[in-house]
Amino acid sequence: MLILNIVTYFGFTRQEVIVGKICLGHNFGNITADAVVIGGGIVGVSTAFWLSKAGMKVVLLEMRDALSSLTTAASVECFRTQFTESSMADLSLESVKMFENFKEIIEIPDIDIGITQRGYLFVTDDSNMVSDLEKAVVRYHELGVNDAEFITGPELGERFPFLATGALAATYNQKDGWLSTHEATYGFAKGSKNTTFYTKTPVTDIVMDGRGVAGVKTGMGNIATRMVVNCAGPFAGGISKMAGLEMPLRTVRRQKCYIKTDPSLLPEKAPFMVDLVNHSYWRPEAGGILCAWVDPDEPETEPREELPTDWDFAAESIHRVSRLNPFFETIADKIVASDIDVSAGMYVYTPDDKPVIGPSGVIEGFHLNCGYWCGVMMSPGAGKRVADIATGKMANEDNPLRYSRFAEGAVEKGATFLK
């Protein structure tokens, strides 16, 4: 069997060939698996990879035509280590190391995930925020994020001359950056030695018996299994309900704007730059830039595949990023409508803004890897943690992102920027 999987991405057609692994809308009847992963974004495919690496026979189910075609494709494809919560910093540090050594981990020497480490630069021109940035870097160092820097005064303008003269302070880590989520997701798929991926295969029910999870039902057939991992992104709440678990998840639309522009108008080797005062950000992207802003008043939205975009989002984004990046005014003067593409995806929030990883602790055999606003950047480490707990290499009580933390009252919101 040879399946040609085609994805349109920022106007370019990308294709991957995986022999005998991806089955597009295939009727498989009744089969068995050691584990079934629900969700074919980068979080789900990473989970399948690590479970297969642990020796399990894995089936991954994705409701859409292709892997990495919903929330993962809608992301800005970035990763960072600048977190003030130890549970998040630990997972992000591990994940960045995996991205840096991706070829060795998946054992495919010619893979290229386009990793670009130019850093995350969090900037403010509000004097009241400067001490918060300095404290954040102290906290980063306590958590092992040793490359993080606090930059202020003339040094900030010298190192990042594209910034407005009013910029006062920033945090920065060169290790942070971005990559191709499409290549990374399919890299995990290619490296999964004992996994079958079924696309166009939505889950219709989770079968339970006296021992807990007993199987998964789909329109293409049924799978007998004692382990299900919910990696369904914005649809994770609905999947959990099939197993009888009501999760405290909120889904919120997030938009982004791609602008085609002349590369000569951009600062050389620019980082991912965040304006902490107005929640806007931008970074270079092939042939142009990505820019956006996080609206703190964006209402909760029911999960859906197709999301509307606001007609003025691009203009508002450009206006906001221009405040600390004056060169955007030149870009704005040259933009025509055909240069702009606005798209939308969904963030998923838990009560403490951290993901849920590991066994549910409520339903035997029902595991979780969901609740992400930061799924891309955490995906390698999170997938490995699911496998480590499932195989006994890690005790769930030692996992600070366990689901039971909500019942235990171990819920703490950190001071991480831009979440």
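Every read-out reported here was derived from the displayed coordinates using simple, explicitly stated rules and does not represent laboratory data. Just so it is clear, the structure is predicted and the values come from calculations on it, not from any experiment. All Cβ positions, even for glycine, are placed from backbone atoms using ideal geometry, and neighbour counts span all protein chains on display.
Observations, loosely collected:
- Surface/4 of the Cα convex hull for segment 204-330, nm²: 11.3
- Segment 52-64 - phi-based ³J(HN,Hα) in whole Hz, Karplus 6.51/-1.76/1.60, Gly and Pro as x: 5, 5, 7, x, 8, 8, 10, 10, 10, 10, 10, 6, 8
- Shape analysis of segment 65-177 based on the Cα gyration tensor places the equivalent ellipsoid semi-axes at 30, 17, 14 Å, largest first.
- Once the C-beta distance of residue 127 and residue 334 is scaled by a Förster radius of 25 Å, the resulting FRET efficiency is 0.15 to the nearest 0.05.
- Taking 0.36 nm per residue of sequence separation and removing the Cα-Cα distance, the residue 101/residue 341 pair yields an extension gain of 83.2 nm.
- A simple spin-label model places pseudo-atoms 7 Å from Cα toward Cβ; at residue 394 and residue 30 they are separated by 3.6 nm.
- Per-residue Karplus couplings for segment 348-364, computed as 6.51 cos²θ - 1.76 cosθ + 1.60 with θ equal to phi - 60°, are listed in order as 10, 10, 9, x, 10, 6, 10, x, 10, 9, x, x, 5, x, 10, 10, 4 Hz, Gly and Pro entered as x.
- The phi-based Karplus calculation (6.51 cos²θ - 1.76 cosθ + 1.60; θ = phi - 60°) puts the 3J(HN,Hα) values of segment 402-415 at 5, 5, 5, 4, 5, 5, 6, x, 8, 10, 9, 8, x, 10 Hz, whole numbers, x for Gly and Pro.
- Spatial extent of the chain: Rg and Dmax, with the Cα atoms as the point set, Å: 21.3, 67
- Euclidean distance of C-alpha centroids, segment 230-257 and segment 114-155, integer Å: 32
- Selection of chymotrypsin sites (Phe, Trp or Tyr not before Pro), segment 267-338, meeting DSSP coil and at most 11 other Cβ within 10 Å: 311
- Global form of segment 77-121, assessed from the alpha-carbon gyration tensor, a/c cut-off 1.5: oblate
- Highest-fluctuation residue, 370, 257, 231 considered, GNM on the chain with Cα pairs under 10 Å: 257
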